[in-house]
Ligand SMILES: [Zn+2]
């Protein structure tokens, strides 16, 4: 079994990326990573970065050769790439990080640091818990109302679509709808391929999602 890829990212020759499964990781063990806290904090990985760079939930880089990665087990892994500026971001977006706006903060940081225009960005959300399994309570669901104005049930205990919420956030940030790809798998339903915190509890493993800008040929 190999790592999963999104077609819209795989078509970029300067970029390597992968969404890991329970069997394999796309990145070497020393990839640049964060202590993840479900925050809206974005961290920049400089050239040569490896290992834990600090606390946060999104990493961006413009440095060729640097593997940046995040770990998930139900939370949504998101990769953003800018083919014009050659910048890339990896984002850990569970329901808490999504309510905190982590995907939009990553778009903003790419703009501020790499000069990325939102309309140039290509995005893919990897395997995450599906709307079939993401049941959230009344203490959480009202926070999704800005993204689901057509729903009147968000004060109660309901099922929510995390990936589609991130898609709406990215479109609100200026990404063209055709540039946003969503994986269809549900990590909780598909035990053969994926770890799931909701299914496996505290003992659940984590999948690695990672990307790097290819080094220029020497
Ligand atoms: Zn499911």
| task | Within segment 134-164, work out how many residues are away from the ligand (no atom under 16 Å from the Cβ) and part of a helix (DSSP H, G or I). | result | 7
| field | Of the criteria (1) within 16 Å of the ligand (Cβ to nearest atom); (2) outside any loop (DSSP other than H, G, I, E, B); (3) farther than 28 Å from residue 28 by Cβ, which one residue 170 fails | value | (1)
| said: Given the criteria within 16 Å of the ligand (Cβ to nearest atom) and either at positive phi or modelled with pLDDT under 95 (or both), does residue 184 qualify? | reply: yes
| Just checking, which of 149, 177 is closer than 19 Å to residue 88 by Cα, surrounded by fewer than 12 Cβ atoms within 10 Å (Cβ to Cβ) and free of Cβ contacts under 8 Å to residues at least 60 places away in the same chain? | 177
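Residue check: is residue 126 within 16 Å of the ligand (Cβ to nearest atom), touching a residue at least 40 places away in the same chain (Cβ under 8 Å) and within 29 Å of residue 3 (Cα to Cα)?
Numbers: within 16 Å of the ligand (Cβ to nearest atom): yes; touching a residue at least 40 places away in the same chain (Cβ under 8 Å): yes; within 29 Å of residue 3 (Cα to Cα): yes.
Against the criterion (within 16 Å of the ligand (Cβ to nearest atom), touching a residue at least 40 places away in the same chain (Cβ under 8 Å) and within 29 Å of residue 3 (Cα to Cα)), residue 126 qualifies.
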| request: For segment 41-79, enumerate the residues that are surrounded by fewer than 17 Cβ atoms within 10 Å (Cβ to Cβ) and closer than 17 Å to residue 114 by Cβ. | output: 46, 47, 64, 65
| remark: residue 175: passes all of (1) farther than 20 Å from residue 60 by Cβ; (2) assigned to a loop (DSSP other than H, G, I, E, B); (3) modelled with pLDDT of 95 or more but (1)
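Do we have any residue at all in segment 195-217 that's under 18 Å from the mean Cα position of the chain (by Cα), free of Cβ contacts under 8 Å to residues at least 12 places away in the same chain and farther than 18 Å from residue 24 by Cα?
So the first thing to find is which residues in segment 195-217 are under 18 Å from the mean Cα position of the chain (by Cα), and the list is 195-197, 205-213.
Those still in the list that are free of Cβ contacts under 8 Å to residues at least 12 places away in the same chain too: none.
There is no residue in segment 195-217 that is under 18 Å from the mean Cα position of the chain (by Cα), free of Cβ contacts under 8 Å to residues at least 12 places away in the same chain and farther than 18 Å from residue 24 by Cα.
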| query | Looking only at segment 187-207, which residues are within 16 Å of the ligand (Cβ to nearest atom) and either touching a helix residue (DSSP H, G or I) at 6+ places or on another chain (Cβ under 8 Å) or not in a helix (DSSP H, G or I) (or both)? | reply | 187, 188, 189, 190, 191, 192, 193, 194, 195, 196, 204, 207
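The values are calculated or read from the model by the stated rules, or taken from the named source; none is laboratory data. Source: prediction; values computed, not measured. Cβ coordinates were reconstructed from backbone atoms using ideal geometry, including for glycine residues, and neighbour counts include every protein chain displayed.
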